[in-house]
Amino acid sequence: MNKKELKKKYLEKVKILNNYNKNYYVNSKPIIDDKNYDDLKNEILDLENKFEFLKSKSSPSVAVGHKPSKHFKKSPHRVPMLSLGNVFSEEDLVNFEKKLYNFLSLSKKEKISYIAEPKIDGISASLTYKNGKFYKGLSRGDGKEGEDITQNLATINDIPKNIPLENCPEEIDIRGEVFIKNKDFKNLADKFANPRNAASGSLRQKNPEETKKIPLKFIAYTFGYEKGLMVNNQYDFLKKLTEWGFKTNPLNKLISGVENLMENYKEIEKNRANLDFDIDGIVYKVNNFDLQKRLGYVANAPRWAIAHKFSSSKAVSKILDIEIQIGRTGALTPVAKIKPINIGGVVVSNATLHNEDEINRKDIRVGDTAVIERAGDVIPHILSIDKQKRSRNSKKFIPPKNCPSCGSETIKEFNKVTKKIDAVRRCSSEGYYCEKISIEKLKHFVSKEALNIEGFGKKIVENFYKLNFIKFPQDIFNLDFTKIENLDGWGKLSVQNLKYSIEQKKNISLEKFIYSLGIRHIGLENAKLLSKHFVSFTKFKNLSKQIDYEEMLNIDGIGDTQVSSIKSFFSNEDNKKVLNELEKVLLIKDAIQSSDNGLLNNKTFLVTGKLNGISRAEVKSLIEENSGKTISNVSKKLNFLIIGEKPTKKKVDYAKQLKIKVIDQTEFLKMLNKTS
Ligand code: IVH
């Protein structure tokens, strides 16, 4: 490509990006998801890095956001409002920190402290205070100049109009995020697509009286221009902000070490849905202002801060059909079949619709155009639909009155705890009557956490079921291997392996056995409680003779819901037969009465890498049986790191650095055998 062609290609990309920016910053209506936006921006920056001549004043590496809209008076930021670089993975984060160490030429021994601040997805604003008085408020605009929205900002209760004079700097621009809480957004949901748009739209009302009607919030996190600010680090600055009457994010934390940043990230990402405001990542800022100063800026972002984004992306596609999936416990889950679309690097063709209440609430119909969100490993779901694009003859979704698999009546149960009708519709059949439920039960029976029959995957279960090889769990132990050997894709060796895997798992703990039955509401934890309570299979099986169920209520952790589920399990003849037949083929070990003076008492363990012939779940239960504990990260709290094949190098290195004992599988097992 010659220079001219390169320039043309480059400018085309910049034009597209500017259009995205305009929609995001000025119209408050993003037309692209974050991931694709970042990808395009990175492509442009890459081109600029490779071909210096491409850079211009309007380059995205120089400009931030988009020029302010015409409604409001423009005003320059005395200190530019910058953007932040992004990281998406632990690896990116390690690299970010490496760069800091290199730049500052720090030795590994010196720890950098960060403030981790959940990144609220709202609209940033800069508030100038002169001698403690709120003087002027600007939007971010293009980073260099913003819109004067002082009157609108003044309607927000969280924005103090006066800072107590005795400890406030002569002049300071306080910067933070204007946003709307999710619960308040619900009342505006028909006007705006998401809380961020609602905040932006409300803030940009021409008439401040209109803004006043919306319960906007403000959280402060940084400053721009300042005169007389006597603070040395972000931690103290955040403290000062609260003294001055600003709200700061209650989840802000002082942290050092990538491992700990990751732990905090995972914790917050896990709880993200429970927060009352939208966050799209975590901002890490080097705590010490001297270090911040030394690090300075690159292009339009500080070198001393980074945004660790959550992996969520959105895209628009069409709903082709609504299918019903049937789970192991009979739950009917409607699933939207969508026109395949790439969302953040993954092709998505299904989106869960959760249940029919959700479909009704959002009035989702076949043929609709929908915004689909994919976050982390969670199944994609539908955020909203565009009713304007709906065809006239589209029809409301009607939930099936009968199970699409077995024809039994479908029901919505009354939940005794919440005193409400369940949102989930279920197939009312019991035991192994419904084909789809049976298949799911069998998949569960052989799964990792249950019998853990290696090589017996979901596809094999489906195939063997269709071929009538297995209908009940006990059939797995009476398979006709000569028939299997003749099937397509099977041979002598694979059949031998399967036979061996099945044979190996005939020896099972009571706890795993109870779990593998797939009784509704009896997960791993409850199965453990039940196995401790009954101790032997015989006592557990006796439940079928209508022994006092109420006794189970004395088990700490077992409630009405679990007891009635167990009752209905034992009232079904299929289930009783399954128990009798499995008793014949399995060796179900009694529960070990646990004590607090086991061999591994007070010891903590972590496994990294693949172990040989023993699953992690099994190691975990071995440890617990012997009064030890497993933890999920290498930290000072860890006593033993058990390594298998291909361990995570970082974990091993860090453990060695902390002088934690690193042992292999044999050494671990020896620890248990010594006195047993
Ligand atoms: S610091 C120079 N802190 O993220 C530092 N920004 O992509 C730049 N944001 O425009 C800002 N929470 O709208 C900072 N705790 C936080 C933040 C935060 C949200 C937003 C802000 C900024 C954008 C940068």
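The values are calculated or read from the model by the stated rules, or taken from the named source; none is laboratory data. Since the structure is predicted, the reported quantities are computational estimates derived from the model, not experimental observations. Don't worry about glycine lacking a Cβ; one is built from the backbone with ideal geometry, like all the others, and counts go over all protein chains shown.
Residue-by-condition table, conditions (1) under 17 Å from L442 (Cα atoms); (2) surrounded by 14 or more Cβ atoms within 10 Å (Cβ to Cβ):
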{"position": "K492", "(1), (2)": "no, no"}
{"position": "S509", "(1), (2)": "no, yes"}
{"position": "F513", "(1), (2)": "yes, yes"}
{"position": "L517", "(1), (2)": "yes, yes"}
{"position": "E525", "(1), (2)": "no, no"}
{"position": "T538", "(1), (2)": "no, no"}
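With the requirement that a residue be assigned to a helix (DSSP H, G or I), touching a residue at least 60 places away in the same chain (Cβ under 8 Å) and closer than 19 Å to R328 by Cα, what does the range 455-502 give you? Scanning the range 455-502 gives P473, Q474.
Counting only helices (runs of 4 or more DSSP H) wholly contained in the range 234-315, the ones carrying 1 or more residues that are touching a Leu at 6+ places or on another chain (Cβ under 6 Å) and among the hydroxyl-bearing types (S, T, Y) occupy 234-243. Evaluation of T561 against the conditions (1) in contact (Cβ under 8 Å) with a residue 40 or more places away in the chain; (2) loosely packed, with under 15 Cβ neighbours inside 10 Å; (3) within 30 Å of L467 (Cβ to Cβ) shows that the sole unmet condition is (3).
When the residues of the range 587-621 are narrowed to those that are part of a helix (DSSP H, G or I) and at pLDDT below 80, which ends up surrounded by the most Cβ atoms within 10 Å (Cβ to Cβ)?
S621
Based on what the data block shows, is D184 buried (at least 16 other Cβ atoms within 10 Å of the Cβ) and in a strand (DSSP E or B)? So D184 does not fit the description; no.
Against the list (1) within 16 Å of the ligand (Cβ to nearest atom); (2) within 28 Å of the chain's Cα centre (by Cα); (3) not aromatic (F, W, Y), the condition K99 fails is (1).
Checking each residue in the range 65-96 for being modelled with pLDDT of 90 or more, part of a loop (DSSP other than H, G, I, E, B) and more than 13 Å from the ligand (Cβ to nearest atom) picks out only R78.
Residue count for the range 234-254, restricted to those that are in contact (Cβ under 8 Å) with a residue 60 or more places away in the chain and either loosely packed, with under 13 Cβ neighbours inside 10 Å or more than 21 Å from the chain's Cα centre (by Cα) (or both): 11.
A307 satisfies every condition listed in (1) within 16 Å of the ligand (Cβ to nearest atom); (2) of a type in the set (G, A, S); (3) surrounded by fewer than 15 Cβ atoms within 10 Å (Cβ to Cβ) except (3). I'm checking my understanding of the structure. Among residues of the range 281-295 that are within 14 Å of the ligand (Cβ to nearest atom) and either aromatic (F, W, Y) or surrounded by fewer than 17 Cβ atoms within 10 Å (Cβ to Cβ) (or both), which one is nearest to F179 (Cα to Cα)? Ranking the candidates gives Y284 first.
Considering every residue within the range 208-228, establish whether at least one is within 16 Å of the ligand (Cβ to nearest atom), at pLDDT 95 or above, surrounded by 18 or more Cβ atoms within 10 Å (Cβ to Cβ) and of a type in the set (S, T, Y). Within the range 208-228, one or more residues are within 16 Å of the ligand (Cβ to nearest atom), at pLDDT 95 or above, surrounded by 18 or more Cβ atoms within 10 Å (Cβ to Cβ) and of a type in the set (S, T, Y).
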